[in-house]
1. If I ask for residues that are of a type in the set (G, A, S) and either at positive phi or open to solvent by less than 60 Å² (accessible area, probe 1.4 Å) (or both), which ones from the range 26-46 would you list?
2. Would you check which residues across the range 49-58 are open to solvent by 70 Å² or more (accessible area, probe 1.4 Å) and out of contact with any Leu (no Cβ under 7 Å at 6 or more places or on another chain) and list them?
3. Tally time: how many residues in the range 84-106 are under 14 Å from E61 (Cα atoms) and in contact with a strand residue (DSSP E or B) (Cβ under 7 Å, 6 or more places away or on another chain)?
4. So N64 passes all but one of these: (1) within 15 Å of C94 (Cα to Cα); (2) modelled with pLDDT under 95. Which condition number does it fail?
5. I'd like the full set of residues that are open to solvent by 50 Å² or more (accessible area, probe 1.4 Å) and aliphatic (A, V, I, L, M), limited to the range 60-111.
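The values are calculated or read from the model by the stated rules, or taken from the named source; none is laboratory data. Note that the structure is a prediction, hence the values are computed from the model and not measured. As a convention, Cβ positions derive from the backbone with ideal geometry for all residues, glycine included, and neighbour counts pool all protein chains shown. Areas reflect the complete protein model, heavy atoms only, side chains present, ligands, DNA and RNA absent. Shrake-Rupley method; radii C 1.70, N 1.55, O 1.52, S 1.80 Å.
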Amino acid sequence: KFELITFSDTLSRLQTLTLKGIKTLDSSISMLKGLEALDLSDNNRLSKFTQNIFMGLENLERLNLSTCTGLGGKLPKNMFTGLLNLLELDISNCGLTLIHSDVFSHTPKLTKLNLKDNKLKIKKGNVFLHLTQLKELNLVGNQVEYSNIKHGLFSNLVNLEVLIINYCYRRYLKSERY
């Protein structure tokens, strides 16, 4: 298994990268200017994500961080800075308990967000404030408070076509039309 991988600009044309078994992601990943898809899933030892770690990856469209359980329950505030063309983000099963309200402010084109099977208590709509292009949102297995759905939790998601909220705790989510 790899502890640390560093990159150079000789790989600037690389379009797809999958990394498994890493512990740390080096900021040199920003040298991969042509990267369109990055799969870091199943790296449960990966725990160091510095702010702005993906800065410079302007062409990145798909990012998979699912099952990166070493994140300590939260995402750094500016983790996705520079990902202006990101379309799909999977941060499912990461043990997240908190998402900062501005964490998605740098992903204006995001259309698909998977937050499945985290430990989020979603109470306020400001988490989704910057996601006006979002078409698909998966919140399966998180705690979504019914009263907040009723009071506009998803109201700014004007392009939302698919909302998956199965298995949200019953005390939070009542069976009623939204």
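1. Looking only at the range 26-46, we keep the residues that are of a type in the set (G, A, S), and these are 27-28, 30, 34, 37, 41.
Across the range 26-46, the qualifying residues are S28, S30, G34, A37, S41.
2. Taking the range 49-58 first, the residues open to solvent by 70 Å² or more (accessible area, probe 1.4 Å) are 50-51, 55, 58.
Correct list: T50, Q51, M55.
3. 5
4. Only one criterion in (1) within 15 Å of C94 (Cα to Cα); (2) modelled with pLDDT under 95 is unmet by N64, namely (2).
5. Result: L84, L87, L98.
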